[in-house]
Amino acid sequence: MELQDIWLDIQNNPHYLLMPLIAGFVGYITKVLALEMMFLPIEYKGIKPFGWQGVVPRKATKMATSATELLLGRLLTLEELIERLDINRMVKEVEQHLRLMTDRMIRDVGESFVPEYWHRLPNFAQYAVIKRIQKEIPDIAESIWLDIRKDPNQYIDIKHLLISNLVKDKTLLVRIFRKIGAKEFVFFRNAGFWFGLALGMVQLLCWLIWHEPWLMPLFGGTVGLFSDWLALTLLFRPLNRVKIFGFNVQGKFIARQKEVSKDYATLIAKELLTPANMIEEVMRGPSSDRLVDLIQKHVEEASEEQLGRARPLVKYALGSDRFEEIRAYVVEKSMEMLPETSKKVEAYAMDALDINSTIVSRMDKLTPKEFEGLLRPAFKEDEKVLIVAGAVLGFLIGELQVQVML
């Protein structure tokens, strides 16, 4: 077909000029689809096998494990976090609360287990007993903390804390990936349009020369396939900055290392490694039994010291069963006090742990390859499925174009 014939064809069919725009639209829509397929739906929708669940929530355990291994492998250790907490400062923060709780617990023990003795004591004598025990509380707390510091991994499974919270709250996991990759996702969508537009120019030229109906779905599928692949590649490659035609070029995500570090650190500090979550891990996690044993040990030691030589007499007077009931009750109440007591030190702990600043400073030192591992897993899982889905959608839109053009 000669140039004059092509020009006449365009004049007679001006809608042909929409081809590049439609191709750009195909590129954009396939990127939007790919992103939505990565994150949504949070739970499986459809009837298996004809349904879908977002790649990130579906692979929540694997994604959470990958993020956790990076966090604990290169950015933080439990030992250094524990070292930052000053037991004397923590006791001071909760001193008033501990006094009130201890007062209540001692009175409960007296009234519930030994009312015949407790009620005979005048008020000043009851008060003296309470004051004496209250005086010992800081020493007991310090002894417990020193034992925990010797081997904190026995009492806090920080890996379990991170993974279980992310798997339990898939919405949070998705939010973390969306937040740290927000600008990359905008680039990913926009790149689809411009790559599609460029290929659409070639598509238009081929159509004007040959007028073959099969060109539309072919180019539609190619736009979806190629633009998805190229956009994904440009997010992470090249890893290291290189000069191309005088311009510095680096993967879009890799180039934002400092900015991403701040967003990531804020999310981890505010959503995951919070004092409240760490306390809950201690109380309900797989190591909670060890903490109960530890508290029981120190309560027993404190009881021995308080009773001294009188212990056998007291045990005899109360009876072995009653004595053991009191001891079990004290341990149980001590455990019940722990979460409320711990809340009193949250503000101090948040400041002392300084997780936000630590993560930012350590992430700045990650190599591009290590940093890539922060977001890459979200794309890597089922990447081929996402690209093929883009190609199929592009093919279908191309077929629709055929019906419009002919």
Handout entry: Charge context of ARG99, other residues only, Cβ under 11 angstrom, K/R +1, D/E -1
Key = +1
Problem - Along each principal axis, Cα extent of the stretch 1-92, largest first, Å - result: 89, 36, 25
Handout entry: Under 26 Å from LYS135, Cα to Cα: lysines that are on another chain or at least 8 residues apart
Key = LYS92, LYS150, LYS297, LYS315, LYS333, LYS343, LYS344
Exercise for the section: Could you go through the stretch 363-372 in sequence order and give the Karplus-derived ³J(HN,Hα) for each residue, using 6.51 cos²θ - 1.76 cosθ + 1.60 with θ = phi - 60°, rounded to whole Hz, and x for Gly and Pro? Expected result: 5, 4, 9, 5, 6, x, 5, 5, 5, 4
Practice task
Would you kindly derive the ³J(HN,Hα) couplings of the stretch 138-145 from the backbone phi angles with the Karplus curve 6.51 cos²θ - 1.76 cosθ + 1.60 (θ = phi - 60°), listing them in order in whole Hz, with x for Gly and Pro?
Solution key: x, 5, 5, 4, 5, 4, 4, 5
Problem - HN-Hα J in Hz across the stretch 347-355 - Karplus 6.51, -1.76, 1.60, θ = phi - 60°, x for Gly and Pro - result: 4, 5, 4, 4, 5, 5, 5, 6, 5
Exercise for the section: Please give the direction-averaged projected area of the C-alpha convex hull for the stretch 70-141, in square nanometres with one decimal. Expected result: 6.8 nm²
Completion exercise
Hydrodynamic radius by Kirkwood for the stretch 24-151, inverse mean 1/r across distinct Cα pairs, in Å, is 20.8 Å
Fill in the blank from the handout: Taking 145-158, 184-197, 262-275 and ranking on average Cβ neighbours within 10 Å, highest first, one gets 184-197, 262-275, 145-158
Problem - Dipole of the stretch 15-161, positive direction: furthest Cα of HIS119, PRO138, ILE158, with charges on the beta-carbon - result: ILE158
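Read the figures in this text as sums done on the coordinates, not as results from a lab. Here the structure is a predicted model, which means the values were calculated and not measured. Positions of Cβ are backbone-derived with ideal geometry, glycine not excepted, and every protein chain shown enters the neighbour counts.
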